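See below for the structure under consideration.
The values are calculated or read from the model by the stated rules, or taken from the named source; none is laboratory data. Model, not experiment: these values are computed from the prediction. Note that we place each Cβ from the backbone using ideal geometry, even for glycine, and neighbour counts take in every protein chain shown. Quick note on the areas: whole protein, heavy atoms, side chains included, nothing else; ligands and nucleic acids left out. Shrake-Rupley method; radii C 1.70, N 1.55, O 1.52, S 1.80 Å.
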Amino acid sequence: MTGAYRVLEVGTFTGYSSLCMARALPPGGTVVTCDISERWTAVAARYWERAGVADRIDQRLGDAADTLDQLKSQSGGDSFDL
């Protein structure tokens, strides 16, 4: 609907929203999701695999502020569509 190709999500929990966004992306699109909880992101990863979208999701585990700084230095401030 928005034409997003690269999506950033802060807070993964069980991965439902990342799964939905990944399914809606065009070929080659990516969801970068960050969370601090290994427990809940492990649950999310199982569902992503089961849904066949794990290859479209780049999961970052750690403090979101640090992750956002890393992403900005790697890709620049305008590297995400949503």
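With the requirement that a residue be part of a loop (DSSP other than H, G, I, E, B) and in contact (Cβ under 8 Å) with a residue 12 or more places away in the chain, what does segment 8-36 give you?
11, 12, 13, 14, 15, 25, 26, 28, 29, 36 - these are the residues of segment 8-36 that are part of a loop (DSSP other than H, G, I, E, B) and in contact (Cβ under 8 Å) with a residue 12 or more places away in the chain.
Within segment 36-48, which residues are under 23 Å from residue 66 (Cβ atoms) and open to solvent by 60 Å² or more (accessible area, probe 1.4 Å)?
Residues satisfying the conditions are 36, 38, 39, 40.
Is it the case that some residue within segment 63-71 is surrounded by fewer than 19 Cβ atoms within 10 Å (Cβ to Cβ), part of a helix (DSSP H, G or I), among the polar types (S, T, N, Q) and at pLDDT below 95?
Within segment 63-71, one or more residues are surrounded by fewer than 19 Cβ atoms within 10 Å (Cβ to Cβ), part of a helix (DSSP H, G or I), among the polar types (S, T, N, Q) and at pLDDT below 95.
Tell me which residues, restricted to segment 49-62, are over 12 Å from the mean Cα position of the chain (by Cα) and open to solvent by 50 Å² or more (accessible area, probe 1.4 Å). Please lay out each step first, then the result.
The first filter runs over segment 49-62 and keeps only residues over 12 Å from the mean Cα position of the chain (by Cα), leaving 49-52, 62.
49, 50 - these are the residues of segment 49-62 that are over 12 Å from the mean Cα position of the chain (by Cα) and open to solvent by 50 Å² or more (accessible area, probe 1.4 Å).
Out of segment 1-35, which residues are hydroxyl-bearing (Ser, Thr, Tyr) and open to solvent by 20 Å² or more (accessible area, probe 1.4 Å)?
2, 5, 14, 16, 17, 30
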